[in-house]
Amino acid sequence: MALRQRLKKTNQSDSVLAESTHGHPSPLEARDELKDELEHVLRHKHKDEKAAHTRRFYATRRFLFPLGLCLGVLLGFSLIQPADFQDFQTHLALLMDAFEFRIPELPGVDFPQFNFTSIEREWQSLWANLPEPWKLAADGLEFTVGDKIAAEGHSAKHPVVLVPGIISTGLESWSTDPEYRPFFRKKVWGGFSMISQVTFNRDKWIAALMLDPVTGLDPPGVRVRAAEGIDAASSFVQGYWLWCVSKIIENLAVVGYDTNKLHLAPYDWRLSFHNLEVRDGYFSKLRTTIEGFVQREDRKVVLTAHSMGSTYFMKWVESPLHGKGGPDWVENHIEAVIHIAGTHLVSQLGPMSALLSAEMKDTVELNPAGAYVLEKFFSRKERQKLFRSWAGSASMWVKGGDDVWGGHDWAPDDLPDAKYSHGSLISFRAGSTALESLDDDLHNMTSSQAGTWILGRTPTSFQKMLASNYSYGIERDIEKLKANNLDHTKWTNPLEVQLPNAPSMKIYCVYGHGKVTERSYWYTQRSYEYDDVQPDDPRELCTDADAAGGGECTSPRAGLDMPLARATAIDAEFTDDGARPPILNGVKMGEGDGTVSLLSLGAMCVEGWKRERWNPAGIRVTTVELPHNPVSTVPRGGGLSGEHVDVLGNTALNEIILKVATGAADDVQDHFVSNIREYAKRVRWDT
């Protein structure tokens, strides 16, 4: 319309323009050019309008936007299971309460309650008819190993007990204090319930998961317990399996296993092993379960443990001061122990770095958005406080010291022509821009030095907890090793205790290899801050006699109240991916399964337990390494993944478990894909 009006005004001025030019053509030509240009624009505009009217409906935004929305919803549903609908109504109520949203009450109008029963029923019907490849939470390999073993003529024989790894077990709130009642019997660790609590009740969630820093048990007014049953350690959130429901149990079921011959032993992984028995009677229950299997089935049990292992239980049950099972209990009740990705000598500095700076490789490699979210929800101080209250994680402290992990200029797993040695577990870069003034007493540290340095920067309560529950040295004296059989602080360290007196029992070490794993660190220092370790003050306790008379009684800060400690953090600015070993964001990478260092996975199996000093009964130890060859098109790497958690879905691992359980263990032989035997020989076992 505006263009037409402009053209009309131009035509009306033609005569005036002609008279004013006295025969000169240039203004008229300019007018004609403008007229042609406007007509050209109008023609194209009419053409576009006509094309828009004739465009097919499926090419319009009005169709594409709803289509994209529907496809996104279907994709989300493909990653969940029908059981998710069972708690959907509760989650919706929690979200509405968090946002203080209420359905208005109108006179004479009765709004129906939300009920998703019909939706759940319809979704179950739809899910049952979906082809397997469409279920993105699966990989299409379900039951295949079980079918193969059954076709070979094997069936259920030995009862199987499964022990999850650290953080794998879901934790439920049993607190009945008013502020925790909305979460009664809800998972505070694992599941979508945890996500909603972290989002809308962060402080209560932290308080629920925090343990008493002195006793290592429940703080006042809070009770959190491990979930029970097979599903207790099946997945972190629905569709992301962590243990066995989707993989190992499926295959065991094919050859005849059910809950009459199969038991999952979940536990509260925050507790120290000693407190697991003190508070929950965990090992007493496990012993009773195993004895019941043996009595009913007249078969010894196959104990299968992921990550943290089961050495502590076997020493506990033998001890005359604890389990009181006697020296022959393991021989009479345990057919085999299968260590899956076992942290025998600990993974790496990960747990230590978490206690020092609340960081590990996975946190320093977060992109800026992820780092912002982490800091937004949990500050570094909050993460430190939480980690330090979990005595269970301290069991993964580095064991064996410099004799196992190396000195300043050597490590058993150093590569030829290595630019940097893993022997310096913590290194400092003098040229770092973040390092303003390096402390005079700060230098590169071996594992032993790093342990002492880190403990010196933790509260006294944590140091006492560590000393009363764990030991991290190496013992070579036979008599002292025998004496350690009565000392529960030694039982998590295979270098300070002997294997049980069970010559017919067999041990299988099965783990993945081929994924780069954090092995050692480059650290830096930041600005000064207040340390958690405050100097004692003689007046720190409130002793004012007149406080009862109305005066305030306060405990003064210590006389020396200054920020004397520097914040210490991984030197995330330092990357040298072309070096040997490569350095990524301040982390020196080594060999392993992506979480656990190769030395920890295999050194004890191929060398330590081959020595009579630690294996006086001569128990047969078989080591099987599984190469990490994930399938890029299959979620979680498929049946060839060797990653620390995903290895639980590895077809070769499942086959080993089924062969041992069904009595075909002779088919399982040593298999190596790494240089672990060479590395293990470099460990200083004898000097």
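The values are calculated or read from the model by the stated rules, or taken from the named source; none is laboratory data. Because the structure is a prediction, the values reported are computed rather than measured. Positions of Cβ are generated from backbone atoms using ideal geometry, with glycine treated the same way; all protein chains shown enter the neighbour counts. Keep in mind that these areas ignore ligands, DNA and RNA; they rest on the heavy atoms of the full protein, side chains included. Shrake-Rupley method; radii C 1.70, N 1.55, O 1.52, S 1.80 Å.
Condition check ((1) open to solvent by 10 Å² or more (accessible area, probe 1.4 Å); (2) not in a strand (DSSP E or B)) across all residues:
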position: C605; (1), (2): no, yes
position: P616; (1), (2): yes, yes
position: E625; (1), (2): no, no
position: N629; (1), (2): yes, yes
position: G639; (1), (2): no, yes
position: N654; (1), (2): no, yes
position: V660; (1), (2): no, yes
position: Q669; (1), (2): yes, yes
If I filter the range 493-523 down to residues being part of a loop (DSSP other than H, G, I, E, B) and among the β-branched types (V, I, T), which single residue comes out as farthest from L653 (Cα to Cα)? V497
Filtered residues of the range 378-416 (kept if of a type in the set (G, A, S) and touching a residue at least 12 places away in the same chain (Cβ under 8 Å)): S389, A391, G392, S393, A394, S395, G400, G401, G406, G407, A411
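Residue under question is E540, and the condition is that it be exposed (fewer than 14 other Cβ atoms within 10 Å of the Cβ), at pLDDT 85 or above and not in a strand (DSSP E or B); does it hold?
Details: exposed (fewer than 14 other Cβ atoms within 10 Å of the Cβ): yes; at pLDDT 85 or above: no; not in a strand (DSSP E or B): yes.
So E540 does not fit the description; no.
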